[in-house]
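First up is the structure itself, then whatever we jot down about it.
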Amino acid sequence: MPLLSVERLTKSFGGLTAVSNVNMYIDKGELIGLIGPNGAGKTTLFNLLTGVYTPTTGSIKLDLNGNIKELGGIKPYDVTASGLARTFQNIRLFKDLTVLDNIRIAMHKNIGYKMPSALFRSNKFYEEEDRLKIEAEKLMDIFSLTHKKNELAKNLPYGEQRHLEIVRAMATKPVLLLLDEPAAGMNPNETAELTKTIAKIRKEFDLTVLLIEHDMSLVMKICERIYVLNYGMMIASGLPQEVRSNKKVIESYLGEDLSDASNKKS
Amino acid sequence: MKKLLSLLIASTLIIGSLTACSGGQDKPSTGNGDAKEVKIGINYELTGDVASYGNASVDGILMAFDEINAAGGINGMQIVPVKIDNKSDSAEATSVATRLMTQEGVVASLGPATSGNFMATIPVAMGSKIPVISASATADKGVTTDDKGNVNDFVFRLCFNDSFQGVTMANFASGNLSAKKAVIIKDNSSDYGKGLAENFRATFEAAGGTIVAEEGYVGKDKDFNAILTKIKGQEFDVIFIPGYYQEAGLIIKQARDLGIKAPVLGADGFDSPVLLELAGPEALNDVYFSNHYSSLDQDPKVQDFIAAYKAKNNVDPNAFNALGYDLGQYIADAIKRANSTDPVAIKDALADTKGFAGVTGTFDMGEDHNPIKSAVVIGLENGVQKTSVKVDPK
Amino acid sequence: MEQFLQQMVNGISLGSIYALIALGYTMVYGIIKLINFAHGDVYMIGAYIGFAATTFAKLGFFPALIIAMLASAALGILIEKVAYKPLRNSTKIAVLITAIGMSFLLEYVMMFFVGAEVRSYPKVLSDASFNLGNVVINMQQIYIVVTAIVLMIILQYIINKTKIGKAMRAVSADKDAAQLMGIQVDTTISFTFAIGSALAGAGGVLVGIYYNSIDPLMGMMPGLKAFVAAVFGGIGSIPGAMIGGLSIGIMETLVSGYGNSMYRDAFVFAILIVILIIKPAGILGKNTKEKV
Amino acid sequence: MRVLSKKNIITLLLIVAVFAVVQVLISVKIINSFYEITLATICINIILAVSLNLVTGFTGQFSLGHAGFMSIGAYVCALISMNTDSTLGFIFGILAGAVAAAIVGVIIGIPTLRLKGDYLAIATLGMAEIIRVLFLNMEITNGAAGLSGIPRNTNWTWLFIFLMATIILINNFIRSSHGRACISIREDEIAAESMGVNTTKYKVMAFALGAFFAGIAGGLYASYFYFIKPNVFGFMKSVDVLVIVVLGGLGSISGSVIAAILLAVLTTFLQQFTEIRMIIYALLLVAIMLFRPQGLLGTKEITDMFKSNKNTEKIE
């Protein structure tokens, strides 16, 4: 069984069906792209996977070494605890907190002391806080954010904010990382940097990644398989080159030549 | 970091307390001094929920002080009132009392107007050995005596307690009006309403009557139609409204509008010209309430006070004004008799009062620091006092 | 049955007053998302202006009502300009504290000038009552209900059919976008305050006449209850405020009439909490979920 | 025990020193009984403000019902210590009151904390009103007449102990993983949930902890001021506390401490302006919000200011 299998997933808001009967799977270790034009339902699908929305029908199953868990309809923090972590399309950092605190908050679920220890500062509290700090610094090292650990998140440059979102998601120790338009608003240099980063974390943390992109250059370049969503329906899936030549996909992108589209920067 | 935090807390605490201190370096000069003036504290509800009672009482007190000062003061000393607002808050009343006694050097403190706030000042008075007197704290327990029944030496009041008025009106209902069934509509947000209601119920039931309904409202309510409609469907002979004129006036008006004709009974909380303004003359028939005095009383003291108050304020006085006025006279009288500004001597003079003739009646101060005075039950006809029945204390 | 009908009459007239105040609350909240705690005090000031107009200037009901509404509208604009406008980009809680401060200010300035004692209105409207069966209806109750309904209809018309109404809806939906579309946001907000405050002023005069009793702290509890009514009906919705006001009035009456009058306020607040939990947007409000 | 680090021991010594200094000032009557009352008011208000700050300032949950929790603590403590008039009875009463308040906090928090912003504020206001009406109608609380003759088993020592306990424990909480989880809810609830923070749990935890300390403040109040009645714990009391928190800065413990002291000094000072004190108070409130809407310290602690100075020095 794949790591994540989505079956007949549907979400309607009142009369509007935002995601309709979607099937997909992700195997362990893969890097999957999810593309589609604006308003195709990509973010809704993400929100369903991460527990922000409750599915109308359908199921989302996570298989952790044979231990199968249904994710549909459970709370976002339970989804995160099960091993999914995400970033947001419009950055949602804890703006008025430091880089270090942003990361430490994401490590919260792995903390090894209880409230009384916190109130009365037991030895366990100090040990765990030390461990947390070391782990956080390790993560910051990887993303070369260490020198900014006491900066407020809102004071970081845009590209670093995007990076920090990924680091923060990594801090929850996920098995599957969901990135929502990580390259949005980035210049080519920053995008190239990001591409490297994604490759690096995959290798270092043995991670599975699902990536949403509106624009396809990044996706085509690094993804192993691609799903294409339009009007809430999965219209195509397969290897990048298969998707690229798929008629439905081309139509959904208004007949644009996809090689053109992939050169454009949004 | 934590160190600095606590250092800061520490220093601000100290600075805070020191700045508070620096404000009051003027020495508390309890009494004596150069004997040209005597400071009397006024600790009243001038803002907040019950500001109208506090302000009315202070009006009366200051009127008395002005008269006394104009007439040459007490044994040649001018009275200097030290007026501080307690925001209708009991903790603030404690703080104000402490300030008056330790800071301002008053020889006695008047008020607060309501029982709860007055009670909050009692431990301060007992500790500082400076008398406190209220003209309107009516609660039975915990005012002039503590919970074990011992008299609080430095605490006095000029008004009836709740049980006297509650009992008086219950007896009036079952005796004079031959009522068998009564409805109580009480001010559930004041200790006054609660105390009166309890005593009325006990006495009325002991006399063989039944309370068919007990309803409640909270101060500043304006719409009583719901509870009145509810009781309209029941049979009863009288309505007892333990509460103040501000709501009682509206209750009476709305009751009469709904066609409820039963006699309405109340206590000294009814005594205000505002009652007539709110209810209108047509509604104020068959309304009886216990009070300290009646405006029908031809005693020149009463008539002079009413005339003087009216000349000054352009309205008739209410019970708080009259009681406040007497309170001012009473403390001045005690200081005069003590011939001293020593609070303990004043306390003794207060306790040893015989035949003090005030607007609100002539009284002796009882052993338990409650005045021994008779009440009058006033009957209204078209809003005007028409009858008065004197009720002596047992 | 008669008693029930009588209670409904009581409830509707009480509810109409809550509705009048709630209308102003809901408009202001709808447009700048502020619980305008000073709103209840504008209602109080309106009552005093009406009092002055009828008592000292010896004016009749309608002139007094108009004067009170105009003066309240001016006061509303003034409060908005002085206290709320400079804080438009501050945190919600700072604005709320300012609103509470304004509320104290109005209450205690009035208390300073007119004293804490209650005042009563001269009789400017007939208080004759007539009987329908055994149900007593007071003419003044009819005035109140009719005034509330008429004002609500006028308001509904202004909001839905006029240009300024359209501007109000636009600003309420998205202030920045409205600005970009050439709507004068400041003027629109001022106008909203003016209308809301005028309604509160009208409420004050009606209450003064109906209950014949006004005092400087009279706005506190009705202000809170009216806000409850606005939330109950669905904040930002004009018919919602009307329904909310009537519902709260009727509920209070029924609790006093058939339950225990001492738990009346507790019951109202309990209902509010239950409504908020099961339908947070109120009866007629729209549920909006934050976009992720 | 790492809690006994050198830094913490110095802190402790400083705290003891402050206590001793004030104690000496009290015993030589430089702080007379009037200032002692002001001091008590300050201590109680700080406890209230710091505990509300945990809920509103740090966790971002807007509460207008803090007086409700205070009243639970006050009544429970008053009733217990009236029946067992001893220091032990008092301590037990305070703790029982605090626990009762915390339990009510959990019961009320679970359903209402799903609400946001103004709606939560109104719901908590309603809840405090309900508590007040219950106390007004209960036999054991003596209704509107209130409870009088509550033995005064508290003094500067106890006030200071509870004050310091509150500040230190809440400070410890804020600076733990649990506290950071609460802060993340204030910053961005959706992001916090997605980072694995069980938002409901931490909101309720902050609410209950806030209620617990409000209960302690209530117990101290009842014990210090001899007398309590339901009307003391009305809407105005909640507003007073909120004003302290906002004035000091949402999310700043030292801000709450400073604001509580400033306001107490101001109130004391204004007592002599009987007729216009509330007008001045209201004007100040509006003026402060107009000129400094983020409060005196914003989200900073006073210690942060020293720290940032030091940092810049190093860089230079």
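Throughout, read-outs are computed from the coordinates displayed, never taken from laboratory work. This one's a predicted model, so the numbers in the text were calculated from it and none came from an experiment. All Cβ positions, glycine included, derive from the backbone under ideal geometry; neighbour counts span all protein chains shown.
So, in Å, what gap is there between the alpha-carbon centers of segment D:63-81 and segment A:140-201? Centre-to-centre distance over Cα atoms comes out at 48 Å. Estimated purely from DSSP H runs of n ≥ 4, each contributing -39500 (n - 2.57), the mean residue ellipticity at 222 nm for the protein assembly as shown is -18000 deg cm²/dmol once divided by its residues. Once Rg and the Kirkwood radius are both taken over the C-alpha atoms of segment A:42-87, their ratio Rg/Rh works out to 0.94. Converting the Cα gyration tensor eigenvalues of segment A:93-172 into ellipsoid dimensions via √(5λ) gives semi-axes, longest first, of 24, 12, 10 Å.
When peptides C:35-42, D:90-97, A:198-205 are sorted by average Cβ neighbour count within 10 Å, with the highest value leading, the order is C:35-42, D:90-97, A:198-205. Binning all Cα-Cα separations of segment D:56-142 at 5 Å, short to long from zero, yields these whole-percent fractions: 3, 14, 21, 22, 16, 11, 7, 4, 1.
Take the alpha carbon atoms of segment C:188-212, find their center, do the same for segment B:89-128, and report the distance between the two centers in whole angstrom. Spelled out, the Cα-based centre of one part sits 41 Å from the other.
In terms of the mean number of neighbouring beta-carbon atoms within 10 Å, the peptides B:56-64, A:125-133, B:93-101 order highest first as B:93-101, B:56-64, A:125-133. Projected onto planes of every orientation and averaged, the convex hull of the alpha-carbon atoms in segment B:245-302 covers 4.0 nm². For segment B:162-291, the fraction of C-alpha pairs more than 17 angstrom apart is 50%. Among the residues of D:218-231, the average count of other protein chain beta-carbon atoms within 10 Å of the residue beta-carbon is 5.
Taking a ≥ b ≥ c as the square roots of the eigenvalues of the alpha-carbon gyration tensor, segment C:170-255 is classed oblate because a/c is 1.5 or more while a/b is no larger than b/c. Remark: mean inter-chain Cβ contacts per residue of B:214-220 equal 6, using a 10 Å Cβ-Cβ cutoff to other protein chain atoms. Relative to the globular-protein estimate of 2.2 N^0.38 Å, the Cα radius of gyration of chain C stands at 0.99. Computed 3J(HN,Hα) for segment D:232-246, one whole-Hz value per residue from the Karplus formula 6.51 cos²θ - 1.76 cosθ + 1.60 where θ = phi - 60°, is 4, 9, x, 3, 4, 5, 4, 5, 3, 5, 4, 4, 4, 4, 5, glycine and proline marked x. Each residue of segment A:146-152 was assigned a 3J(HN,Hα) from its phi angle through the Karplus curve 6.51 cos²θ - 1.76 cosθ + 1.60 (θ = phi - 60°); the sequence is 3, 5, 10, 5, 9, 6, 6 Hz, with glycine and proline shown as x. Rounded to the nearest 10 degrees, the inclination of helix B:162-174 to the longest alpha-carbon principal axis of chain B is 10 degrees. Axis angle, to the nearest 10 degrees, between helix B:2-22 and the longest C-alpha principal axis of chain B: 80 degrees.
How big is D for segment C:45-137, in µm² s⁻¹ as a whole number, if Stokes-Einstein is applied with the Kirkwood radius of its Cα pairs at 37 °C and 0.692 mPa s? It diffuses with D of about 205 µm²/s by this estimate.
Cα centroid distance between segment B:316-394 and segment C:87-134, in Å? So the separation of the two Cα centres works out to 37 Å. Membrane-span-like helices in chain A (whole DSSP H runs, Cα extent of at least 24 Å along the helix axis, mean Kyte-Doolittle hydropathy of at least -1.0): A:188-205. Near residue B:113, the amide H atoms lying under 5 Å from its own belong to B:45; only residues 5 or more places off or on other chains count, and H is placed 1.01 Å from N. Once the cut-off is 50 Å, how many percent of the Cα-Cα pairs in the protein assembly as shown end up in the long-distance tail? The proportion of pairs with Cα distances above 50 Å equals 36 percent. For segment D:197-292, chymotrypsin sites (Phe, Trp or Tyr not before Pro) meeting the loop criterion (DSSP other than H, G, I, E, B) and having at most 15 other Cβ atoms within 10 Å: D:273.
Calculated on C-alpha atoms, the gyration radius of chain D divided by its Kirkwood radius gives an Rg/Rh of 0.97.
Eigenvalues of the alpha-carbon gyration tensor of segment D:126-270, scaled by 5 and square-rooted, set the equivalent ellipsoid semi-axes at 30, 20, 15 angstrom, largest first. Once backbone amide H atoms are built at 1.01 Å from N, residue A:183 has no partners under 5 Å, excluding neighbours fewer than 5 places away on the same chain. Here the Karplus relation 6.51 cos²θ - 1.76 cosθ + 1.60, evaluated at θ = phi - 60°, turns the backbone of segment C:252-263 into coupling constants of 4, 4, 5, 4, 5, x, 10, x, 10, 4, 6, 9 Hz, with x for every Gly and Pro. A compact globular protein would have a Cα radius of gyration near 2.2 N^0.38 Å; the ratio found for segment A:170-259 is 1.15. Note on chain A: Rg/Rh from C-alpha atoms, Kirkwood Rh, equals 0.99. Residues whose amide H lies under 5 Å from that of residue B:381, counting only those 5 or more places away or on a different chain, are B:386; hydrogens are built 1.01 Å from N in the peptide plane. Across the alpha-carbon atoms of chain B, the computed radius of gyration and Dmax are 22.4, 78 angstrom. Using only the C-alpha atoms, the convex hull of segment B:241-393 corresponds to 119 Å³ per residue. Stokes-Einstein diffusion for segment B:165-221 at 4 °C, viscosity 1.567 mPa s, with a Kirkwood radius from C-alpha pairs, works out to 114 µm²/s. Can you give the longest stretch of chain C with no exposed loop site, where a site means trypsin sites (Lys or Arg not before Pro) in a DSSP loop (not H, G, I, E or B) with at most 15 other C-beta atoms within 10 Å? By the stated rule (loop sites, at most 15 other Cβ atoms within 10 Å), C:124-285. Counting only other chain Cβ atoms within 10 Å of each residue's Cβ, the peptide D:169-181 averages 6.
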